[in-house]
Amino acid sequence: MKIESSCLTPPKAFSPATYEVPQYGCDTHAHVVAADESTYPLVANRSYTPVPTPEADYLAMLDATDMDRGVLVQISVYGTDNRYMLEVLRRHPERLRGIGVVSPDVSERELTEMHEAGVRGLRLNVLYGGGVGLDAAQVLAAKIADMGWHLQLLLDARQLPALMPRLQKLTVPIVVDHMGHMPVAVGTQHAGFQALRHLLREHGWWTKLSGAYRISESPAPYDDVTPWAQALVEAAPDRVVWGSDWPHVAVAPMPDAGELRNLLETWVPDAAQRHRILVDNPARLYDFPKTEGNAS
């Protein structure tokens, strides 16, 4: 298998905010990659080779984009070896939460240890090598049902109409990455997008307003994504969160995480709704500590 090595180094400087980012704002989707590949080896069946983006770079990005909280998602190039992500989480228990990747035979003890480190969900990946696929969904859902966790799906929403009968049987919350990770050029009336909206409205699913540059055919600020994002917010305003998708692996040109955060001003003009998306919704989904003025 050919491994693509097209990942660029993410920028160290970011565009300033064009609106007042609320306290306890949360970037719900980013990855860390250790600089020490000998200690944290990449899996052989990965789809790309990322540049190192270690803990210090990640925290600097959160600070520079005015995010008090963050959620790390286990990156596919590590497979089910969650060690580096868990180490970072343990060092920042108030600020960070995580989404792990495990095999279906994961033990109760391992899940408990991950919970104590700050993990609150498991990712299933049908798009990139190194991940755990949908075949594991039912087994893993049963194992996490009593933990308050969710399953996070990285898939192309054009697959949803065929998968809905199976996915609707899962007894845990479901979060869909990157607004469905399907090209917005197909239009909001596409059966896949309508299936996603139905699952958000009628089945309590969630989605992340992230990865605009992955689904757009326009240059930044990705104007063609605006009606897409707004339709998702309209479908489930209390089950939508935002994520930068830093360090933007396997794409070029490299996005600016500050500009991506600023898209929310266009997508969600109402400041109270932006507060829900940046603060209240992620606090509830990821079990962050309660704060003054936030009973989530």
Qualifying positions in region 187-213 - over 24 Å from A30 (Cα atoms) and either part of a loop (DSSP other than H, G, I, E, B) or touching a strand residue (DSSP E or B) at 6+ places or on another chain (Cβ under 8 Å) (or both): G187, T188, Q189, H190, L199, H203
Only one of these conditions is not met by H248: (1) closer than 15 Å to H181 by Cβ; (2) in contact with a Phe, Trp or Tyr (Cβ under 8 Å, 6 or more places away or on another chain); (3) not in a loop (DSSP other than H, G, I, E, B); (4) not aliphatic (A, V, I, L, M). Which number is it? (3)
If I filter region 142-184 down to residues being small (G, A, S), on the phi < 0 side of the Ramachandran plot and not in a loop (DSSP other than H, G, I, E, B), which single residue comes out as surrounded by the most Cβ atoms within 10 Å (Cβ to Cβ)? A157
Starting from region 36-49, take each residue that is closer than 13 Å to N125 by Cβ and open to solvent by 60 Å² or more (accessible area, probe 1.4 Å) and list its partners that are assigned to a loop (DSSP other than H, G, I, E, B) and of a type outside the set (G, A, S), counting only C-beta distances under 9 angstrom and pairs at least six apart or across chains. N45/M1; N45/I3
Filter result for the condition that a residue is modelled with pLDDT under 95, under 26 Å from H181 (Cα atoms) and open to solvent by 10 Å² or more (accessible area, probe 1.4 Å), over D81, D135: D135
Scanning region 218-259 residue by residue, the ones that are in contact with a Pro (Cβ under 7 Å, 6 or more places away or on another chain) and open to solvent by 60 Å² or more (accessible area, probe 1.4 Å) total 1
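The values are calculated or read from the model by the stated rules, or taken from the named source; none is laboratory data. Given the structure is predicted, the values throughout are model-derived calculations rather than measurements. Because the Cβ atoms are built from the backbone with ideal geometry, glycine has one as well, and the counts that use them run over all protein chains shown. Heads up: the accessible areas ignore ligands, DNA and RNA and are worked out on the full protein's heavy atoms, side chains in. Shrake-Rupley method; radii C 1.70, N 1.55, O 1.52, S 1.80 Å.
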